[in-house]
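S.K.: Have a look at the structure that comes next, please.
Nothing in this text is a laboratory measurement; each read-out follows from the coordinates by a stated rule. As the structure is a prediction and not an experimental result, all values here were calculated from the model. We place every Cβ from the backbone using ideal geometry, glycine too, and count neighbours over all the protein chains shown.
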Amino acid sequence: MEQLIKQAQQGDPEAFIELIELNKQSMYKAARAILRNTEDVADAMQETILSCFQNIKNLKQPRYFKTWLTKILINKCNDIIRKNKNMVLVEEIREEGYSENSDVKISLKENFRSLEDDYRIILVLYYVHGFNIREISQILNLNQNTVKTRLSRGRERFKTAYLAGNEEGFIYG
């Protein structure tokens, strides 16, 4: 991957496209965790890709490409949130048909989305993208202890919300 990054830094558009393809899914998941509207997610990803393309030559250490990319994405998401602050967005929920499994998935998603942004983004970066505490602190410009605290509180709030919504008090397997 570092070779692709170096090629992209030297102006190779094919290498840059391949880098984006390799990171597209994780970008979507991170943006989706922050933004609730799929159109906003697409906008954030598009603006991130453009910004990365224009600034990849400024990346000093290629091994931190994913961290750099994620930080830009989060900043673009925050820009969209600020821009849309006074707008009310309505999210459509599509029914997938009734099944116990889909109910559990919907419940998990609803509980996850109900978390405050400060907790949700840290949980996504840690569990979905596999960033460690130090990397998350760099991406979000937070102290490592703050990241640890929010990670712990986020886990606890998610667990509490899920168990409160689950009358039987256990998670389906």
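S.K.: Could you please report the charge total around Tyr119, scoring K, R as +1 and D, E as -1 over all other residues with beta-carbon less than 10 angstrom from its beta-carbon?
M.R.: Combined, the nearby Lys, Arg, Asp and Glu give +1.
S.K.: Hey, another quick one. I'd like the distance between the alpha-carbon centres of the stretch 1-63 and the stretch 117-156, rounded to an integer number of Å.
M.R.: For the stretch 1-63 versus the stretch 117-156, the Cα centre distance is 21 Å.
S.K.: With a sphere of radius 10 Å drawn around the Cβ of Arg153, what net charge do the other residues whose Cβ falls strictly inside it have (Lys, Arg +1; Asp, Glu -1)?
M.R.: Taking every Cβ under 10 Å from that of Arg153, the sum is +1.
S.K.: Roughly how many nanometres apart are two label points built 7 Å out from the Cα toward the Cβ at Tyr127 and Glu110?
M.R.: For Tyr127 paired with Glu110, the spin-label model returns 1.8 nm.
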